[in-house]
Amino acid sequence: MDRGSGIVRLVIVAIGAAVFAALGVALFVVYPESLADLAGVLIALVVVVAGVRIANNVADSLFPGYDVAEVAVDGPITRDGGGGRLPSSPGGTPADDIVDQIDRADDDDHVDALLLKLNTPGGEVVPSDDIRLAAERFDGPTVAYTTDVCASGGYWIASGCDELWARDGSIVGSIGVIGSRVNASDLAEKMGLSYERFAAGEYKDAGTALKEMDDDEREYLQGLIDDYYETFVERVSDGRDLEPEFVRDTEARIYLGEEAYEMGLVDHLGTRRELETELADRLDRDEVTVEEFEPERPLMARVGTGAQQLAYAFGAGIAGIAEDREFKLRL
């Protein structure tokens, strides 16, 4: 927001406060002589406060105090922000909420650029791609930046932005896909349990924890991993303008920000202040004002998050063998 708009905004708020103050005094102090002076003053103050809020909202709509939107991807990337039926590390933001905030910023006429703050080790494939697509849809400059971790699914998302900023000590990379399963067949045998198959389709129960995996199943599941990996390489190659062979040669390694910059995996190294200065130059203004776009969370949702954190601390370590089919695929 430039200085002229800021002055006009302050004038609107001041005029609104004065008008509502005069109205309050007139209605509740001057004219109704039967009212006690104290009560009149208190009511007048209430009217003044309400008036200031109304005037401030009007000023915000006409001259908002921001011109850049920031949306954060923090923690593991999942559809619902958690881990589904099994406890997972809490604290992630649901991918659909992140997409909604990016779209809301895109629809906001006052937003000229998008900052996508990435602090994530990665996560689920399709939710990561949904966020990447939302960043690609944004009509304006899109800058991804990380201070701590931009790995795997986080880097998948960054490939949909115009550029990626990091710090010298940031962790960047891990361009790969992993699938895992719990092999509980030996444990089941010791406990006197056996697996009895009822399925239609040869690979319907591929990856089931309670039975040994044969070579055909292993080849089938590895084929899924390889397909996702090739898609990941393609996304990074196209979005970051890197040769596919170069991306494959990283072999899913992670790099500190300085090395990632030298390799071309990162466009700029710098602090948040340096990033905002660069963005202001690009938008041809003295400075930018960043507004954090966050989903509104009702009280019960916040309570639910606290319960999830408690459940994770208490039981995540022993939950891995609870599901009958435990083949997990993630970035």
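Here, each number is a calculation from the coordinates, and none is a lab measurement. Everything quoted here is computed from the prediction, not taken from an experiment. Note: ideal-geometry Cβ built from the backbone for every residue, glycine included; neighbour counts use all protein chains shown.
Only sites in a loop by DSSP and with at most 16 other Cβ atoms within 10 Å count here; which chymotrypsin sites (Phe, Trp or Tyr not before Pro) in segment 190-292 make the cut?
Numbers: sites: 195, 198, 203, 220, 228, 229, 232, 246, 255, 261; in loops: 195, 198, 203.
For chymotrypsin sites (Phe, Trp or Tyr not before Pro) across segment 190-292 that sit outside H, G, I, E and B with at most 16 neighbouring Cβ atoms in 10 Å, the list reads 195, 198, 203.
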**OP:** Would you please give the FRET efficiency between residue 199 and residue 50, computed as 1/(1 + (r/R0)^6) with r the Cβ-Cβ distance and R0 = 51 Å, to the nearest 0.05?
**Re:** 0.20
**OP:** Provide the per-residue ³J(HN,Hα) series for segment 265-270, in order, calculated from phi with Karplus coefficients 6.51, -1.76, 1.60 and θ = phi - 60°, each as a whole number of Hz, with x at glycine and proline positions.
**Re:** 6, 10, 7, 9, 10, x
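Are there any GluC sites (Glu not before Pro) in segment 217-283 that are in a DSSP loop and have at most 14 other Cβ atoms within 10 Å? List them by number. Kindly include the intermediate steps, with their values, before the conclusion.
Working: sites: 217, 219, 230, 234, 245, 251, 258, 259, 262, 274, 276, 278; in loops: 251.
Here the GluC sites (Glu not before Pro) that fit, given the DSSP loop and packing criteria, are 251.
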Subject >> Eligible aspartates and glutamates near residue 204 by straight Cα distance, threshold 16 Å, same-chain separation 8 or greater >> reply: 196, 212, 214, 215, 216, 217, 219, 323, 324, 326
**OP:** List, in order, the whole-Hz ³J(HN,Hα) value for each residue of segment 213-222 obtained from phi through the Karplus relation with A = 6.51, B = -1.76, C = 1.60 and θ = phi - 60°; use x for Gly and Pro.
**Re:** 8, 8, 5, 5, 5, 5, 5, 4, 5, 5
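Please state the charge dipole magnitude for segment 75-210, taken about the Cα centre, from unit charges on C-beta atoms (+1 on K and R, -1 on D and E), reported in debye and rounded to the nearest 20. Don't skip to the answer; put the middle values down first.
Working: 11 positive and 24 negative charges, 173 e Å.
It comes to approximately 840 debye.
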Original post:
So who's got an amide H within less than 5 Å of the one on residue 291, skipping anything under 5 residues away but keeping other chains? H placed 1.01 Å off N, in plane.
Top reply: 67, 68, 69, 70
